[in-house]
Every structure is written in structure tokens, then in C-alpha cells.
Amino acid sequence: MKSDNSSDIFFSKFSLKGNTALITGATGLLGPKHAQALCMSGANIVLTDLNLDTLNNLKAKLEKENYSGQIYTYVMDVTKEEDILKISKNLKADNINIDILLNNAAINPTTSSIQDNIRTTRLENFEQLRWDQEVAVGLTGTFLCCKVFGSDMASRKKGVILNISSDLSVIAPNQNLYKQKDLPENMQAVKPITYSVIKTGLIGLTRYISSYWADKGVRANALSPGGVYNNQDKEFVCRLNDLIPLGRMANPDEYISAVQFLCSDASAYMNGQNIVIDGGRSVI
Ligand SMILES: NC(=O)c1ccc[n+]([C@@H]2O[C@H](COP(=O)([O-])OP(=O)(O)OC[C@H]3O[C@@H](n4cnc5c(N)ncnc54)[C@H](O)[C@@H]3O)[C@@H](O)[C@H]2O)c1
């Protein structure tokens, strides 16, 4: 029989008590789940996104769950370095240091937004303005947050960065998923090129940071979720399910344990990796 002590040691590795985690793009579909994951582990959290009301609604919801940590909200556009610096300064003025940075913000093309934007998503017609806007959020935004908060972590010799990528960091999109009947090829909507480029770029960024600040006690990893079920079009869901060995999309809360692992000392020796959680889609 193991003593109770061993389970204490086991759980203490997952504990984030006394740590503060900042989440970008916190109020979308997965952001609140990441927030819940970190709150459950005892962290204080800083929720950031573009809209204060939505942030405060999320804060109120989490506070009802009576977690032990503090919850702060800030409007922060990840494409604006001056916004990020200002928030970092405000947090410091309140003696709040960011120990964990969870880069989650993205302009996420949904199935319906892809299908509403027939032709504009196709590579032949893809506008540079859209490229710039999407890269600015998903890739440049992550770089800027790493620059500001990661530099501070390095100076304090302590920190964890978790970049939210996607299964499309390791596989190409299957454009058949978005095909609509009775439309010619040049009218078919596709998953935008930006998504693959951004999500794959995040893996390079993660690897870069993993060696850059390793001697400063800062490690970085990426989490690559597969598609999350969110009442998408039935035909899309059926087609996607057929590509996934587990036969279904993810539930939004199926990344909670991975976030807790990757942000805590439970993963202390993991650095520069991309953890793909996709029901097996990328291995067949
Ligand atoms: N939902 C999925 O099926 C899925 C699958 C794999 C990976 N992902 C990734 O997980 C992350 C979260 O996905 P989601 O489904 O919650 O997306 P979402 O679109 O619901 O949420 C993204 C959030 O980012 C915010 N955002 C957009 N531009 C911003 C900016 N300039 N500054 C700050 N915040 C900004 C949005 O306001 C939104 O709240 C994304 O990186 C996404 O690519 C999602």
C-alpha cells in the first residue's frame, strides 16, 4: 500500500498555487476551458481578449466556482505591442508577475465562416490584407506576448509558455471536408492557407524559445488540439469523424488535463515539444 504522502507528491507537481497565468483570446470557445484548467490547479489568472464585457462575464462565471486564486481581466489586442507593454507594466505596478503565458488568441475560421466566404478563402483569391490580419494575431501576436512576458520570465529565471497550435501544424488540411454539392471547383470554400502557416509557424517559434531561454528557467511547449465539436454542420462533422480513428471530434473540455500538465511542474522536463491531441487523426 502506498502512503497518502505519495498522492500528495503526485498532486503537488500539478499545483499552480502562487503562480499567475495570462491567457490571450480568453473568451472564445477554448479560452474559458484553459482558464478553468488553470484555476482548478490553483493559479491566479489574467484573462485577456478584445472585449471587456465578455471578459468580465467570464470572470464572474469562474468566480462562482469558488477557486482559490485571483482573477483579473484586461482588454489586450495581441497585435499591439504598446497594449501588451502597458498591461505588463500595470501588472507589475500591482506586484503581479506572469509565470505562465498561454498564447491562445487566433482569428479562427469556423466551418460556417469558411463556407460563407466562398472563393475568398481560395489561395488564388486570398487577399494579402486578410493574410496580414490573420498572421498578425496568430503568429505575430504570440511573438509579441513571448517578447514582453517571456523576457520578464527570463529575467526572473522562471516561466512556462504554452502556445496553442492545431493538428494542422502536423498535417495538411483535407479540403474535402468543406466541399459543397453543386459548386464548381473554383467556387468551393477551403480552409485558409493562413491557418496552416500560422499553426506550423507556432511550432518553430516554440522550438526557438525552448532553447533560447532554457538556461533562464523558461520552457515552452505547444499544444495541438484536433477539431472541437461546436454544433458544426452535420455533413462536415460526419466527414471529419470518418478521418479520426476515435470516430469523433473533441469535447471542449478534453484539453483541460493537458493544459494542467503542460503548465505545471508535472511537465518540468518537457521543452520545445508539440503535443498533438487529435483522436489519432494525424497518425493515419
Ligand atoms: N476550436 C477548435 O476546433 C480548435 C482546434 C484546434 C486548434 N484551435 C486553436 O485553439 C485556440 C482557441 O480556439 P477557439 O476555438 O477558442 O477560437 P475562438 O475563435 O473561439 O477564440 C479566439 C479568441 O481570440 C480572440 N482574438 C482574436 N483576435 C485577437 C486579438 N487581436 N487580440 C486578442 N485576442 C484576439 C477572439 O476575440 C476570441 O475570443 C486558437 O488558437 C485555435 O486556432 C482550435
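The values are calculated or read from the model by the stated rules, or taken from the named source; none is laboratory data. From a predicted model like this one, the values you see are computed outputs, not experimental measurements. All Cβ positions, glycine included, derive from the backbone under ideal geometry; neighbour counts span all protein chains shown. Ligands, DNA and RNA are excluded from the accessible area calculation, which covers all protein heavy atoms including side chains. Shrake-Rupley method; radii C 1.70, N 1.55, O 1.52, S 1.80 Å.
At-a-glance table
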{"quantity": "Where Met249, Met270 fall by accessible area, highest first, once all protein chains stay in place (1.4 Å)", "calculated": "Met270, Met249"}
{"quantity": "Rounded to the nearest 20 debye, dipole of segment 158-201 from Cβ charges on Lys, Arg, Asp, Glu", "calculated": "200"}
{"quantity": "Charge tally in the Cβ shell below 12 Å around Leu243, where Lys, Arg are +1 and Asp, Glu are -1, Leu243 excluded", "calculated": "0"}
{"quantity": "Farthest positive-ward along the chain dipole, Cα basis, beta-carbon charges - from Gly25, Ser196, Ser155", "calculated": "Ser155"}
{"quantity": "Length released on extending from Ala93 to Glu185, taking residue separation times 0.36 nm less the Cα-Cα span", "calculated": "27.5 nm"}
{"quantity": "Charge tally in the Cβ shell below 10 Å around Lys157, where Lys, Arg are +1 and Asp, Glu are -1, Lys157 excluded", "calculated": "+2"}
{"quantity": "Segment Met270-Ala60, length gained on full extension (0.36 nm per residue, minus Cα span)", "calculated": "72.3 nm"}
{"quantity": "Of Lys92/Lys158; Lys59/Lys89; Lys33/Lys59; Lys158/Lys216; Lys80/Lys147; Lys61/Lys92, pairs whose Cα-Cα distance is over 18 Å", "calculated": "Lys59/Lys89; Lys61/Lys92"}
{"quantity": "In segment 196-283, trypsin sites (Lys or Arg not before Pro) in a DSSP loop with at most 14 other beta-carbon atoms within 10 Å", "calculated": "Arg248"}
{"quantity": "Pairwise FRET efficiency - Asn251 versus Asn5, Cβ, R0 = 30 Å, nearest 0.05", "calculated": "0.30"}
{"quantity": "Among Leu85, Asn51, Ile71 the positive-end extreme of the charge dipole of segment 48-89 (Cβ point charges)", "calculated": "Ile71"}
{"quantity": "Kirkwood hydrodynamic radius over Cα pairs of the chain, then Stokes diffusion coefficient at 25 °C and 0.890 mPa s, in µm²/s", "calculated": "125"}
{"quantity": "Student exercise, the chain dipole from Lys, Arg, Asp, Glu Cβ charges, in Debye to nearest 20", "calculated": "500"}
{"quantity": "Karplus-derived 3J(HN,Hα), 6.51/-1.76/1.60, for each residue of segment 187-202, Hz, glycine and proline x", "calculated": "9, 6, 6, 9, 5, x, 4, 4, 4, 5, 5, 5, 5, 6, x, 5"}
{"quantity": "Per residue solvent-accessible surface (Å²) - segment 106-230, probe of 1.4 Å", "calculated": "46"}
{"quantity": "Beta bridges by DSSP in the chain, antiparallel share as percent, to the nearest 5", "calculated": "0"}
{"quantity": "Under 27 Å from the Cα of Lys181 - lysines, other chains or at least 8 residues apart", "calculated": "Lys191, Lys234"}
{"quantity": "Cβ-placed point charges (K, R +1; D, E -1), dipole of segment 35-179 about Cα centre in debye, nearest 20", "calculated": "320"}
{"quantity": "Neighbour net charge for Ser282 - beta-carbon separation under 13 angstrom, K R +1, D E -1", "calculated": "0"}
{"quantity": "Contact order relative to length of the chain, as percent, for alpha carbon pairs under 8 angstrom and 6 or more apart", "calculated": "19"}
{"quantity": "Extension reserve of the Glu235-Ala172 stretch, reckoned as 0.36 nm per residue once the Cα distance is removed", "calculated": "20.7 nm"}
{"quantity": "Inter-part distance where segment 16-66 and segment 166-234 are each reduced to a Cα centre, Å", "calculated": "23"}
{"quantity": "Exposure of Ile98 as accessible area (Å², to 10), given a probe of 1.4 Å and all protein chains", "calculated": "10"}
{"quantity": "Segment 4-112, relative contact order [Cα under 8 Å, separation at least 6], %", "calculated": "31"}
